[in-house]
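Structure, as C-alpha cells:
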Amino acid sequence: MPPQLNAPKMIFVFLLCTSLVLINPTGGAAAEDPPFDVARLVVGTDVQAREPVGVADVFPAGMETVCCFLEARDIAQVTEVEMVWFFGDEEVARVPLTIGAGPRWRTYSRKQIGTRPGNWKVDLQDMAGQILGSVQFMVE
C-alpha cells in the first residue's frame, strides 16, 4: 500500500515543486541570449556604400538577383551565422557569414533567383540552427 501523505506534507511537496519551477522555468535548459541585436534584416536589389538599395517585399518578374542585408548591433564577440535562402519550403542556399565584435556590423548575401516567381524567405541562423531573424519576399 502506498504511503499516505498528510496535509502538511502535501503542502510542503507542492511548495517545493512550485518553487523549483519558479527558480528555473525552462525546466533545466538555460535559454541563451541572442549574440547580437538584429537592427535590420531586409531584401533589396543591391547593396551600395554598405547600405541596401531597392528594399521591397515584392519584386517584378525577371529580377535576376536579390540581396539580403543584415545590420547587427551590440555584438559581444565574433559570431558565425548563416543566411539560409528558401524558395517556398525548399532550402536553396546556405551562406556562412562572420559578424565582427563591436557596436555595429553590416553584411549581406546575394542570391540569383533567375526565373523563379513565387514566395521566398531568408532565415538568419546561428551555427546551432536557432533563427535570429527572418525576412520574406515574393517574386511576381
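Can you report the number of residues in segment 88-119 which are in contact with a Lys or Arg (Cβ under 6 Å, 6 or more places away or on another chain) and over 17 Å from residue 133 (Cβ atoms)? Qualifying residue count for the region: 0. Would you point out the residue of segment 73-82, among those that are in a strand (DSSP E or B) and in contact with a Phe, Trp or Tyr (Cβ under 8 Å, 6 or more places away or on another chain), that is nearest to residue 97 (Cα to Cα)? Checking each candidate, the answer is 79. Among residues of segment 109-129 being at pLDDT 95 or above, loosely packed, with under 13 Cβ neighbours inside 10 Å and more than 17 Å from residue 42 (Cα to Cα), the one that is nearest to the chain's Cα centre (by Cα) is 129. Consider segment 94-108 and keep the residues that are more than 14 Å from residue 36 (Cβ to Cβ) and touching an Asp or Glu at 6+ places or on another chain (Cβ under 9 Å). The one that is surrounded by the most Cβ atoms within 10 Å (Cβ to Cβ) is 95. The set of residues from segment 35-72 being surrounded by fewer than 14 Cβ atoms within 10 Å (Cβ to Cβ) and assigned to a loop (DSSP other than H, G, I, E, B) comprises 49, 50, 57, 60, 61, 62, 64.
Figure legend. Inter-residue proximity from segment 94-107: first residues outside any strand (DSSP E or B), second residues surrounded by fewer than 15 Cβ atoms within 10 Å (Cβ to Cβ) and not small (Gly, Ala, Ser), beta-carbon distance below 8 Å, spacing 6+ or different chains. Indicated pairs: 100/78; 101/77; 101/78. Selection over segment 31-85 of residues that are of a type in the set (A, V, I, L, M, F, W, C), over 18 Å from residue 134 (Cβ atoms) and without any contact (Cβ under 8 Å) to a residue 40 or more places away in the chain gives a count of 4.
The values are calculated or read from the model by the stated rules, or taken from the named source; none is laboratory data. Remember, predicted model here, so these are calculated numbers, not experimental data. In this analysis, Cβ positions are derived from the backbone assuming ideal geometry, glycine residues included, and neighbour counts consider all displayed protein chains.
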